[in-house]
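The values are calculated or read from the model by the stated rules, or taken from the named source; none is laboratory data. This structure is a prediction, so every number in the text was calculated from the model and none was measured. Neighbour counts run over all protein chains shown; Cβ positions are idealised from the backbone, glycine included.
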Amino acid sequence: MGIKSILKHISKRIWIIWSHRNKFLPHNKIEKQVVIGSAKQELPPIKAFHQKVGFSQNAPEQNPFYLHNGKVLHNLDELSNELITMDKETFNHHVNEQKNDFSRWINDIFKAPELAGELQMTKDMYSIREILEKHRLQTKNY
């Protein structure tokens, strides 16, 4: 079997799996699956564009995030950078067992419920920054 016929076979299998699996899903819930031989790899779902918040997209002028230590954040880039140097007292004031102010800000102001939901699930600074960085990479690809 030559390279061309192998690629043609793989392309055909990918299309068949993709079209059958997503036949009845709404457009913004479509997932792609890559199959090569018996190995398969899931790709993240294509999300609706209104949920993709640019990392440097500023919050409206009247809705910045006021940190407990007095600093003011205007976008996700500033939040991610601030998490690097943020002291535990400030972080714990905004994120604890009862609340996650970062998640609420992202949901209410940036209208990004998926990202906010992901952040709501975690309570440690490192994980929140990791989720934000993953989001930054995803938004670069769109």
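Restricting attention to the stretch 54-72, the residues being closer than 17 Å to S103 by Cβ, among the hydrophobic types (A, V, I, L, M, F, W, C) and surrounded by fewer than 16 Cβ atoms within 10 Å (Cβ to Cβ) number 0. Here K32 passes the criteria (1) assigned by TED's automatic domain parsing to the domain that holds Y126; (2) modelled with pLDDT under 95; (3) surrounded by 12 or more Cβ atoms within 10 Å (Cβ to Cβ) except the one numbered (1). Each residue in the stretch 107-127 was checked for being more than 11 Å from the chain's Cα centre (by Cα) and either part of a helix (DSSP H, G or I) or farther than 14 Å from L76 by Cα (or both), and 12 of them qualify. Taking the criterion of being in a helix (DSSP H, G or I) and more than 21 Å from the chain's Cα centre (by Cα), the residues of the stretch 92-106 that qualify are N92, H93.
Every test in (1) among the aliphatic types (A, V, I, L, M); (2) more than 18 Å from F65 (Cβ to Cβ); (3) modelled with pLDDT of 95 or more is passed by L137 save one, and that test is (3).
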